[in-house]
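The values are calculated or read from the model by the stated rules, or taken from the named source; none is laboratory data. Keep in mind that this is a model prediction, so the values were computed, not measured. Using ideal geometry, Cβ is built from the backbone for each residue, glycine included, and neighbour counts are taken over all protein chains shown. With ligands, DNA and RNA removed, areas are computed over all heavy atoms of the protein, side chains included. Shrake-Rupley method; radii C 1.70, N 1.55, O 1.52, S 1.80 Å.
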Amino acid sequence: DRDASVMRVILRCATDASPMVRDSALSLIAKCIVLKPNLEEEGCRSILTCAGDPAAGVRKRCIGLLKDIYLKTTRAELKMAILDSFLQRTVDLEEGVAVLARQTFEEIWLTPFHDLIESAVDAPRLKVGLSERVTLFVHLVQRSDTALDALNACLGNLLSDSSKSSSQNFRVCKAMVATMFEKLIEGTEASSKEFQQALLQTMTVFAKANPKLLRPDQL
């Protein structure tokens, strides 16, 4: 930060004609964000832009970098942007990219709850965590036209027999659906009509992925 032109050059390299240069620039940008958190806004913008890069290797690099940023940031807007990016990549035409994106989505969205769902002691932590994720995703649905379709395809894969964690993912998703119903009935959340509409749309996607996620009394 002693010379602003240095950061400008690094950011410019993220749009270089060479995929190797873009890849290296992205790694540098991520390191800069760690060293100087006030660069997060500008740096993340470049990484999110490159998430749709023509080179599959660059797209994979972005997924890894964005995962680290997602886990560290407390900014809901940035989390939503990263989540949206992950979901778009889960339907990537390059199978290797799509597999990595689905795996990353599972690691940040479902895996943290695999153990909590089995423990009565962790019930309060589980409830808070599920509530945060549901709220975040519903807000994303309100602002993204592609999130629901991508989530539908992603959940279908993560709940299928081909997934090694399908049974654990099923239990977490079932708990998420229960959380959605609670939010719908309680009507807190400064519940705007738009939020409740997005909440219902999100529940529909979970129901399509696996109807058994819903209980008869919820229907």
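If the reach is capped at under 18 angstrom between alpha carbons, list the aspartates and glutamates near Lys36, excluding any in the same chain fewer than eight residues apart. Result set, ordered by chain and number: Asp1, Asp3, Asp68.
Can you give the accessible area per residue of the stretch 108-219, in Å², using a 1.4 Å probe? Walk me through the intermediate numbers first.
Details: 5980 Å² over 112 residues.
For the stretch 108-219, the solvent-accessible area averages 53 Å² per residue.
Against the main long axis of the alpha-carbon atoms of the chain, helix 95-109 sits at an angle near 60°. Seen against the Cα atoms of the chain and their longest principal axis, helix 40-50 is set at about 90 degrees. Counting only alpha carbon atoms, the long axis of helix 4-13 and the longest principal axis of the chain meet at about 70°. All alpha carbon pair distances within the stretch 1-110 were sorted into 10 Å bins beginning at 0; the resulting P(r) in whole percents reads 15, 48, 31, 5, 0. Packing order of peptides 211-219, 33-41, 132-140, 178-186, highest average first: 132-140, 178-186, 33-41, 211-219 (average count of other Cβ atoms within 10 Å over each peptide's residues). With q set to 0.23, 0.24 Å⁻¹, the log10 of I(q)/I(0) for the stretch 7-50, from the Debye formula over equal scatterers at the Cα positions, is -0.67, -0.72. For Lys208, the lysines whose Cα comes closer than 28 Å to its Cα, not counting residues fewer than 8 places off in the same chain, are Lys67, Lys79, Lys127, Lys164, Lys174, Lys183, Lys193. Heavy-atom surface analysis with a 1.4 Å probe gives the chain a carbon and sulfur content of 55 percent of its accessible area.
Could you list log10 I(q)/I(0) for the stretch 43-160 at q = 0.14, 0.22 Å⁻¹, which the Debye formula gives when each Cα is one point scatterer? Result of the Debye calculation: -0.58, -1.35.
Approximating the spin labels as points 7 Å out from Cα along Cα→Cβ, the Gln196-to-Leu71 distance works out to 3.9 nm.
Between Glu107 and Lys36, full extension at 0.36 nm per residue minus the direct alpha carbon distance yields a gain of 22.9 nm.
Between Ser166, Ser85, Ser18, the GNM of the chain built on Cα springs shorter than 10 angstrom shows Ser18 fluctuating the most.
How big is D, in µm² s⁻¹, for the chain by Stokes-Einstein at 37 °C and 0.692 mPa s if Rh is the Kirkwood radius over C-alpha pairs? Can you show the working numbers first?
Working: Rh = 18.5 Å.
For the chosen part, D equals 177 µm²/s.
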